[in-house]
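One structure below.
The values are calculated or read from the model by the stated rules, or taken from the named source; none is laboratory data. Please read all numbers here as calculations on a predicted model, not as lab measurements. Cβ placement follows ideal geometry from the backbone for every residue including glycine, while neighbour counts extend to all protein chains displayed. Heavy atoms of the whole protein, side chains included, go into the accessibility calculation; ligands, DNA and RNA do not. Shrake-Rupley method; radii C 1.70, N 1.55, O 1.52, S 1.80 Å.
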Amino acid sequence: MNSVRRPTVKLVLRKSKQRANGEAPVYIRVTANRKSRFTATGVYLAPKYWNATKEQVRSSHEIATALNARLRALRIEAEKAALESVSADQVKDAIAGSGGSLTDYFQQFVDRLDAAGKLWEWKKYRVTLGKLKACLGTSVAWEELDRTALDTFAHHLRDTCGNSPNTTRKELSRLGRVVKQAIRENVIRPDQNPFLVFEKPKAVRPNRRKLSFGDVQALLSADLPEGSWPSIARDTFCFAFFAAGMRFGDVATLKVSDIEEDRVKYAMLKTGTPMSIMLPPPAAAIASRYRSGVVESDGYLFPLLEDGDESNDVHLRRRISSRNAQVNLNLKKVAEIAGIAPEGLSFHVARHSFADHALRNGGNVYSLSKSLGHKYLHTTDQYLKQSDNEAVDKLTQTIWSH
């Protein structure tokens with residue numbers, strides 16, 4: 001009867017993962033059945049300080065004694081795990097603990113967002129994880145995530161991915177949230193948080209595209225085939241502009257019953273905030289034209305969604321995302337017809353354009369904030385009271401009287 005061959009443990013310097021400063025990481029290599037798995041030790045060295053034969057740091061290194069003590073302790077832990085395991089994967093899992101590697105935990109984090117139906121967050125964090133793997137590797141141990149790794153990731157986001165400073169900051173913030181969650185769940189220790197010694201790039205005020213009132217009028221005057229996608233894109237964009245900068249998801253899910261005479265009432269998809277906005281004549285005219293083509297009062301006002309799309313929240317948000325992309329594409333076509341530069345034009349520009357037009361025409365910041373459905377005043381960062389319809393109505397009457 002053949003005896004079971006236990007996994008073997010070895011300390012190796014992986015020069016293939018050498019950093020820009022010339023240092024390479026020391027890994028624990030576990031081999032079983034001709035299959036090897038690697039676990040990071042968190043020790044980095046210049047190759048000249050590594051004795052591959054003795055599997056230890058050379059005495060010429062200034063803290064060789066401390067590093068070798070750490071490596072011996074980790075090796076003993078791995079060898080103990082090997083006594084109770086028959087595969088390299090089992091040993092690696094035992095060393096890494098319940099949280100596994102950073103990339104494993106990040107994937108679990110993404111999966112939980114998906115299971116909770118948080119589509120937008122799921123998409124964003126999945127992208128961040130993909131960028132992280134492209135930069136640091138498909139399997140990143142917690143010990144590898146240090147300040148140098150964060151610097152490397154930040155450079156990758158800017159130089160390879162072409163991300164702006166703001167996007168780079170957001171991607172790093174998502175990674176930071178995953179790290180904090182791992183600490184809360186006792187997967188890693190608080191002192192393992194590399195963001196404690198890392199400074200994220202400063203946010204830069206974005207130069208958002210905005211249309212003038214004359215540009216919006218040019219869009220309304222564009223000669224488009226009725227019922228075509230360019231026409232639908234133009235009408236919904238202009239409706240959003242005149243209806244206090246409504247977001248695309250809110251416009252897409254509007255029902256005929258949400259329009260009462262010259263007012264639109266709805267709850268924001270993003271925040272759940274109830275809104276009641278007076279519609280100026282241009283918005284009311286667009287709503288009236290589309291309402292006449294809908295038979296049922298609970299039907300969608302605009303032909304962007306189909307019956308049943310709201311039966312599943314995840315399906316609804318995916319459908320909204322798809323339609324938003326379709327509308328954005330057609331908006332650029334309409335802009336060219338109307339003689340407006342199409343670059344940077346998207347549905348969300350209607351929101352920024354409304355805010356800009358309102359402030360330029362005497363709208364006060366409080367009323368503007370309420371009409372946009374903001375919870376906080378950005379200029380003071382103070383908590384606001386519940387929606388004030390009278391203030392919003394006054395703003396609407398003021399800005400559209402010009």
For the range 38-51, Karplus couplings with θ = phi - 60° (6.51, -1.76, 1.60), whole Hz, Gly/Pro x
10, 10, 5, 9, x, 9, 10, 9, 6, x, 5, 8, 9, 9
Expected 222 nm ellipticity per residue - DSSP helices of 4 or more, -39500 (n - 2.57), all of the chain, to 500
-14500 deg cm²/dmol
Accessible solvent surface per residue of the range 221-327, calculated while the other protein chains remain in place, 1.4 angstrom probe, Å²:
44 Å²
Residues whose modelled amide H sits under 5 Å from the amide H of GLY42, counting only those 5 or more places away in sequence or on another chain, are VAL26
Could you look at the range 1-51 and say what percent of its accessible area is carbon and sulfur, using a 1.4 Å probe and all protein chains?
43 percent
Tell me the angle of helix 165-184 to the major Cα principal axis of the chain, expressed in degrees between 0 and 90 and rounded to the nearest ten.
60 degrees
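Can you pull the semi-axes for the range 87-199, root of five times each eigenvalue of the Cα gyration tensor, sorted largest first, whole Å?
Three semi-axes, in Å: 22, 17, 14.
With a 1.4 Å probe and every protein chain kept in, tell me what percent of the accessible surface of the range 92-175 is carbon plus sulfur. List each step's numbers first, then the result.
Working: 1860 of 3900 Å².
Carbon with sulfur: 48 percent of the solvent-accessible area.
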Enter the Cα centre distance for the pair the range 10-33 and the range 205-258, rounded to the nearest angstrom.
56 Å
If R₀ is 45 angstrom, what is the calculated FRET efficiency for the pair LYS17 and SER322, using the beta carbon separation as r and rounding to 0.05?
0.65
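Any number yet on Rg/Rh for the range 173-301, C-alpha, Kirkwood?
On the way: Rg = 21.9 Å, Rh = 18.2 Å.
Rg/Rh for the range 173-301 comes to 1.20.
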Spelling out what I want: for every residue of the range 253-266, take phi, set θ = phi - 60°, compute 6.51 cos²θ - 1.76 cosθ + 1.60 (Karplus), and round to whole Hz; glycine and proline get x.
9, 4, 9, 4, 5, 7, 9, 10, 6, 10, 9, 10, 10, 7
Build a GNM of the chain with springs between Cα atoms under 10 Å: which of LEU150, LEU136, LEU67 gets the top mean-square fluctuation?
LEU67
About its Cα centre, how strong a charge dipole does the chain have in debye, to the nearest 20, once Lys and Arg get +1 and Asp and Glu get -1 at the Cβ?
2180 debye
Considering only protein heavy atoms, what per residue accessible area in square angstrom results for the range 1-138 with a 1.4 angstrom probe?
58 Å²
GLU310/THR152 FRET efficiency (R0 35 Å; Cβ-Cβ; nearest 0.05):
0.20
Once exposed loop trypsin sites (Lys or Arg not before Pro) are cut out (DSSP; at most 11 other Cβ, 10 Å), longest piece of the chain
55-201
Pop out the ³J(HN,Hα) list for the range 235-240 in order, Karplus 6.51 cos²θ - 1.76 cosθ + 1.60 with θ = phi - 60°, rounded to Hz; leave Gly and Pro as x.
5, 5, 4, 5, 4, 4
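So what is the relative contact order for the chain, in percent, with contacts set as C-alpha pairs under 8 Å and at least six apart? Write out the running numbers ahead of the final one.
On the way: 527 pairs, mean separation 46.5, N = 402.
Relative contact order, the chain: 12 percent.
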Residue span LYS202 to THR273: 0.36 nm per residue of separation minus Cα-Cα distance leaves a gain in nm of 22.5 nm
Amide H neighbours of GLN56 at under 5 Å, excluding residues fewer than 5 places away on the same chain, with H built from the backbone geometry, are ASN51
Given the chain, what whole percent of its Cα pairs are spread farther than 38 Å?
41 percent
Share of accessible surface on carbon and sulfur in the range 276-365, whole %, 1.4 Å probe and ligands ignored, is 51 percent
